[in-house]
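Right, one structure below, let's go through it.
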Ligand SMILES: Cc1cc2nc3c(=O)[nH]c(=O)nc-3n(C[C@H](O)[C@H](O)[C@H](O)COP(=O)(O)O)c2cc1C
């Protein structure tokens, strides 16, 4: 598989088989992702990869936070509440595509919430990586983290693995800090659930489109 094929076949997967990925394969992916470029080579990513009993304990702790009605408290502001124009339209189309595939009506808040909670169950994935960086860092360092995240996702595709990048995994940091040894001065930017895709899962039928090239890229000669 080449990079083009990996780019074209990667999709966000939200239904996984419980089968764990061999530890050496996980290690190889994270080891190669270290090659990702970063501003001044600062390599700001700190990653905690959680599997097995710890993963299950973390799922329990996160779902408990939600059941207790805890409010999200991300370290880095997401700025995605007040989107406007084409960005709002795309966000809306994303949610609509997701709920339509799952047969959930827009006004069915309970069903939408139940689907949302799956974020903190890692969509059934056997592994989850939490990616953090120092709270003092800003946008350019977040660019580094984004590049690193895409490196991970493409390396996973190459190995027949699937993944789901999740901003939602930054919402309830306390249990993650307690269980996954995140440096105290760091903030979690996102998580990445990963494993083998469940080909039978309805949720994996969601296919997100993309804007026409001319909408986002201009060429000047
Ligand atoms: C930084 C980032 C955060 C995301 N957060 C979530 C999330 O919290 N929950 C979720 O289900 N999907 C999340 N996604 C997945 C996006 O919805 C998905 O990438 C987008 O709809 C395009 O679909 P595709 O990845 O299948 O091409 C996130 C993606 C990125 C890159």
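What follows is calculated from the coordinates using simple rules that are stated; it is not laboratory data. Every value quoted in this text rests on a predicted model; they were computed, and no experiment measured them.
If you run the Gaussian network model on the chain, springs between alpha carbon atoms under 10 Å, then out of 97, 187, 69 the most flexible one is 69. Each principal axis of the Cα cloud of region 43-164 was taken in turn, and the coordinate range along them, longest first, works out to 43, 40, 34 Å.
Region 183-221 and region 117-156 have Cα centres lying 11 Å from one another. Against the empirical curve 2.2 N^0.38 Å, the C-alpha radius of gyration of the chain lands at a ratio of 1.03. Counting every alpha-carbon pair across region 67-127, the share separated by more than 16 Å comes to 62%.
For the residues 129, 199, 180, a GNM of the chain with alpha-carbon springs under 10 Å puts the largest fluctuation on 199. For the residues 25, 206, 157, a GNM of the chain with alpha-carbon springs under 10 Å puts the largest fluctuation on 25.
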